[in-house]
Ligand code: ADP
């Protein structure tokens, strides 16, 4: 089976159905489809964004928590490192510096956020020269205890801002930073930490409190931000309980510099998204306290992301001496939503929208069908109502209890009642049915109709007893009325007054009779003419006698005149006798003409096909007698001809009779061919047969008077036909058909060719 022959499957049927339904979908359905799709898509996208935001929020919360705990853990580690460092300081001074260095290196290696650490001795003023001298071994001959003139920048990088420290009671010069600092950092060596504007207050607090104190944010020589842990060491240890005494008892401070970047370090992908700020918790005691460290997300948000809110979290660091808090924030972003899922959700939203499209279309179609059904019901009802109102027949509807439900105006007229008086009343009250000359009891047609559930004709002698006592002869029927489930709900009575019908029938009968009489008269004339042939034989005989007598009288007169003494008296007598005979012959001819022209011919427009139908009806008996079939081809849209219908019928009848005669007695079944047509400005009638045809020696003579090949034939039929046809301005001819038999062709001018009607002058 080829692919084209494959019958459509249920699958293709389904899609075809969908296609058909969609082609019928109204605009409203499409509007619903797109609106629903839009709403559902927005909903799906909104839900996805919502879910993603929730995910981002949870992630943010987790990261914030993790970061805070990491910072706390790092601070704790730093604290432990510091205590380890202090333990080494307390050890043997000979090996101390080496151990401190190695310890610091290890710690910095392990904890990347530790930048450097060191022990800075407290020097009394009297110790200053010795101290500065001793430090020159390490830091060069220019080493002095110095101050730095800060200009708002929390670093110590401007060499012009350095000054030798004035004389003070005690100093804590910056001399140790392990692992070894960069050259820049080394330039800060000798800074009196106790007198420094930025770190001094913290050092002061550390000396008094014995706790770890944390400096404001500092700027390292490599431009990184940092803070420093400061813890004082005392001798004796522990120091006195009075904070005022403690600075005097301190031997120095341990400093650990912590890189903020390392302290609040996040994984790479996290640092892409989070903004982190580190700021001092309490109110600032100096302008440097209020410094804030900020690290911005590496990935900047898109314009679209900015439509979403930022999420922010303030985290307290649960380390008592750490005075900073973390502020973590992040911009919610859209780019994290999976585009494939988004597309899938939008496509999935099309499915319920499509269902809505189908539902709306189906409902629309159903409503259209219902409207169409209502409309056609209304029209049917309207037709029925108007018909019932307009018809002359009376119609009454009754229910199963024979209560009147409806009656039309004709019924109201016949019953002499109105709708209000009749509806709801028993039928017997308004419709008094009686039977004329009833000899036996007649069954009630309504009861019978309802019982048998079949139509029932009213009896022939039914009449309606009118309220004025008059009898109204009626005819009609009762038909059962069914509901949709073929349940009987009543009956319909339709009846009419038979008086007008009878009157019309009588008139029709009279017209028909008159037409019959007219036809009989015409037929008589046709018969008269048909029998003219026979009469002509007698007339010829009659004419022959006077002609022979005239001949004899004339010959006798000639013989008498040839005599020497002609007897004039005898001659006059003979000529007189000849005149008498001629007069007699003239009268015979006159009688013949009078017989043929019985009446003045009436030329009227004639439908040729109609005339031929009449002839075939007249000849029907003869044709059937001779078992001749008729092959008739009436031409369509023939123009009328101007002729005498009866004479034209007479011509065609004569041709048909000749054909019947010609086919009589032959071995094969006879067939009469009749055809009418319009061609070459003539209406043409052809009458043919399948008889022997006309012999070549005879064909030129058939229209000649008294030419006949039949026994007892007069040979006048075709002559008369020719006379008649020519009197219509037409022409008749004959020829033999190629398939055998003769054919006569009559050509008549059509009415509209302008041929003047032939005026028959015969009387
Ligand atoms: P009649 O019928 O009295 O002979 P017509 O004038 O009607 O006179 O016919 C003349 C002759 O023409 C016929 O005798 C017949 O020989 C010939 N004729 C007429 N019609 C036919 C026909 N259909 N077939 C053969 N011959 C015909």
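All of the numbers you see were taken from the coordinates with simple rules; none came from a lab. Bear in mind the structure is a predicted one, so any value in this text is a computation, not a measurement. Counting neighbours? That spans all protein chains shown, and the Cβs are built from the backbone with ideal geometry, glycine included.
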Check: C-alpha center region 476-492 vs C-alpha center region 356-376, spacing in Å is 32
Computed over the chain: longest principal axis from alpha-carbon atoms vs helix 608-625 long axis, angle to nearest 10 degrees, is 60
Show me the ranking of peptides 223-234, 622-633 by mean Cβ neighbours inside 10 Å, starting with the highest.
223-234, 622-633
From largest to smallest, what semi-axes in whole angstrom does region 129-203 give when each is the square root of 5 times an eigenvalue of its alpha carbon gyration tensor?
18, 16, 12
Between the alpha-carbon centers of region 380-429 and region 211-283, tell me the distance in whole angstrom.
114
Arrange the peptides 655-661, 304-310 so that the one whose residues have, on average, the most other Cβ atoms within 10 Å appears first.
655-661, 304-310
Rounded to one decimal in nm, the spacing of the 7 Å Cα→Cβ label points at residue 565 and residue 627 is 8.1
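Considering all alpha-carbon pairs of region 651-749, what whole percent are spaced by more than 24 angstrom? Walk me through the numbers on the way to the answer.
Numbers: 898 of 4851 pairs.
Summing the P(r) tail past 24 Å for region 651-749 gives 19 percent.
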Considering Cα pairs under 8 angstrom that are at least six residues apart, work out the relative contact order of the chain and quote it in whole percent.
8
First measure r as the distance between the Cβ atoms of residue 125 and residue 275, then evaluate 1/(1 + (r/R0)^6) with R0 = 41 Å and state the FRET efficiency to the nearest 0.05.
0.30
Efficiency of FRET from Cβ geometry, residue 241 and residue 73, R₀ 45 Å, rounded to 0.05
0.90
What nm value, rounded to one decimal, do you get for the distance between residue 57 and residue 704 when each label is placed 7 Å out toward the C-beta?
13.2
Tail beyond 12 Å, pair distance distribution of region 198-252 (Cα, percent)
63
By its C-alpha gyration tensor, with a ≥ b ≥ c as the square roots of the eigenvalues, how is region 332-481 shaped: rounded for a/c under 1.5, else prolate for a/b larger than b/c, else oblate?
prolate
Contact order relative to length of region 83-207, as percent, for alpha carbon pairs under 8 angstrom and 6 or more apart
26
In deg cm²/dmol and to the nearest 500, what is the mean residue ellipticity at 222 nm of the chain if only DSSP H runs of at least 4 residues count, each as -39500 (n - 2.57), divided by the residue total?
-15500 deg cm²/dmol
How far is helix 717-727 tilted off the main Cα axis of the chain, in degrees rounded to 10, range 0 to 90?
60
If the convex hull of the alpha-carbon atoms of region 1-155 is projected onto planes in all directions, what is the mean projected area in square nanometres?
26.1
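Could you calculate the FRET efficiency of residue 347 with residue 39 from 1/(1 + (r/R0)^6), where r is the beta carbon distance between them and R0 is 22 Å, rounded to 0.05?
On the way: r = 15 Å, r/R0 = 0.69.
Taking R0 as 22 Å, the efficiency between residue 347 and residue 39 is 0.90.
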Write down the percent of antiparallel bridges among all DSSP beta bridges whose residues are both part of the chain, to the nearest 5.
95
For helix 27-89, report the angle its Cα long axis makes with the longest principal axis of the Cα atoms of the chain; keep it between 0 and 90° and round to the nearest 10°.
10
Region 627-763, relative contact order in percent, only Cα pairs under 8 angstrom and at least six apart counted:
28
Within 10 Å, count the other beta carbons around each residue, average over each peptide in 677-690, 468-481, and list them highest first.
677-690, 468-481
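Rounded, prolate or oblate: which one fits the chain, using the alpha carbon gyration tensor with axes a ≥ b ≥ c (rounded when a/c is under 1.5, else prolate when a/b beats b/c, else oblate)?
Prolate is the answer for the chain, as a/c is 1.5 or above and a/b outweighs b/c.
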Let me know the shape class of region 149-241, please: from the alpha-carbon gyration tensor, a ≥ b ≥ c as square roots of the eigenvalues, rounded when a/c is under 1.5, otherwise prolate if a/b is greater than b/c, or oblate.
prolate
